[in-house]
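To start, the structure itself, in structure tokens.
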Amino acid sequence: MKRLLWFGVVWLTAFGMKAQSDVAFTNYWALQSFYNPATSGLDGKLSLQGGYSMQMVGFEHAPATMFVGVDMPVYFIGPRHGVGVGFLNDEVGLFSNKKFYLQYAYHHPFAGGRFSTGFRAALLSESFDGSKVDAVDSGDPVFASGQIDGNAFDLDLGLRYTYKERWYAGVSVMHLLAPTVSMGDDKVNQVNYEPNLYATAGYTYHFRRPEYVLYATGILRTDLVAWRGDVTARLAYNGEKIKLYGGLTYSPTVSVGLLLGTTFQGINIGYSYEMYTGGVGALHGTHELVLGYSTDLNLFKKGKNKHQSVRIL
């Protein structure tokens, strides 16, 4: 709820600015490679994940975020290796925040499951359109009069343990280097990133009728100052011709949400609406779309390495 339009303008009143927290996708369970690099290539398939989030709908210049990521196992090196690439574009008021990354993961059998470690090298790009600032004093040097931008290098790390297709738990940290992005020719305006910690977990419950499955997931985000937690439950119907799911998500003191989706020919499509329980109200919530596609890689894969996707957790 702190991602309001003009908070970005207020930032520019000081030379040292603190970056907003990373976007909180409602469908975090479907975009696991964004939150933890240790998931790269984990399901043994070429996987594409995408998400588009429209937050605080109804407000002018409201936040909007797009994410696209691709990951895959690297079988010509060994089935325990995975790689991925991704791009995030976050528009908040007059700010534009972009993230480009490459990531790598190593998966090792452990205690009947798999223990994964991963790291990510990222390029952060920040820009601010000062030409749209409606300041009382147009000559105020604090406010940029045109487009300013800057870049910085960053690192993310992640750990995860996956026990078959029953449950998983993981931790990760973004902005490990706590980078500072200096914008403009004079580098006066700066955006400071602080490390963000994430803890994720999921459990799969199979009913007696095999076509029904219940997925319970959760995520905790914190920068050691503020925090946000989400818990989600989805009931899936996996019929021979029709595959559907529906669910609810809840974030204490923040929001409640509804999720719907379907799967066909390896393509997953989902929609969610997150309704805020305070502040801007129920009608100015978050619409979110997610799209995923996965396919087996048989070029280097041997039969003994076959396993089903755990990304649906």
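Couple of notes before you dig in:
- Entry comment: accessible area of the range 187-285 is 57 Å² per residue, from protein heavy atoms only and a probe of 1.4 Å.
- 206, 108, ranked by accessible area, largest first (probe 1.4 Å): 206, 108
- Neighbourhood charge, 9 Å Cβ-Cβ cut-off, centred on residue 66 and excluding it, Lys, Arg +1 and Asp, Glu -1: -2
- Carbon/sulfur fraction of accessible area - the range 188-283, other protein chains in place, 1.4 Å, %: 66
- Legend: residues 40, 294, sorted from most to least accessible area (1.4 Å probe; ligands, DNA and RNA excluded), read 294, 40.
- Residue-span extension gain [residue 262 to residue 187] - 0.36 nm each, minus C-alpha spacing: 22.2 nm
- Applying a DSSP loop filter and a limit of 11 other Cβ atoms within 10 Å to the chymotrypsin sites (Phe, Trp or Tyr not before Pro) in the range 178-225 leaves 207.
- Which of 175, 61 is most accessible, then next, and so on - probe 1.4 Å: 61, 175
- Here the extension length gained between residue 289 and residue 106 equals 62.9 nm, from 0.36 nm per residue of separation less the Cα-Cα distance.
- Taking 0.36 nm per residue of separation and subtracting the current Cα-Cα distance, fully stretching the chain between residue 224 and residue 296 would add 21.9 nm.
The values are calculated or read from the model by the stated rules, or taken from the named source; none is laboratory data. Everything numeric in this text was worked out from a predicted model, so none of it was measured. Neighbour counts are summed over all protein chains in view; Cβ atoms, including those assigned to glycine, are modelled from backbone coordinates with ideal geometry. Please note that ligands, DNA and RNA were not included when accessible areas were found on the heavy atoms of the full protein model with its side chains. Shrake-Rupley method; radii C 1.70, N 1.55, O 1.52, S 1.80 Å.
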